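Every read-out reported here was derived from the displayed coordinates using simple, explicitly stated rules and does not represent laboratory data. Note that the structure is a prediction, hence the values are computed from the model and not measured. With ideal geometry, Cβ positions are generated from the backbone for all residues, glycine too; neighbour counts draw on all protein chains shown.
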Amino acid sequence: MGMQASVPPNWLAEMNEDDLHFLRRFLLQSGSLKAVAEEYGVSYPTVRARLDRLIAKVQAVEAAQSADPFERKLKAYVAEGLLSPAAGKELLTLHKTSKGAKS
């Protein structure tokens with residue numbers, strides 16, 4: 001690995017400040033969820049759920065590379081828990097329908 005400047009991956013650009021802070025703490029604790037839970041003063045399942053949401057967020061961004069910006073953002077909101085999967089699906093269907101009507 002050289003010291004070349006590069007563009008961060010799309011999934012990293014989708015992380016908010018809290019996500020990045022959590023990832024940093026996770027890395028500094030060598031990936032120990034137990035240690036992260038102790039540091040934050042929360043239970044292991046709480047930390048596991050947070051990590052699962054971040055994994056889903058990365059997967060959504062990676063899977064949506066060819067999707068339009070609205071679809072990418074919608075999937076990120078669902079992965080973050082800001083939007084229910086049912087609402088996300090309904091909005092995506094409406095979006096695709098409206099795009100089809102414009103064509």
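For the range 82-94, a residue qualifies if it is assigned to a helix (DSSP H, G or I) and polar (S, T, N, Q), and exactly one does: Thr93. Total residues in the range 31-63 satisfying the condition of being charged (D, E, K, R) and under 20 Å from the mean Cα position of the chain (by Cα): the figure is 6.
The range 15-81 holds helices (runs of 4 or more DSSP H) entirely within its bounds, and those carrying 3 or more residues that are among the charged types (D, E, K, R) and surrounded by 13 or more Cβ atoms within 10 Å (Cβ to Cβ) map to 44-63, 69-80.
Taking the criterion of being farther than 20 Å from Lys57 by Cα and touching a helix residue (DSSP H, G or I) at 6+ places or on another chain (Cβ under 7 Å), the residues of the range 17-39 that qualify are Gln29, Lys34, Ala37, Glu39.
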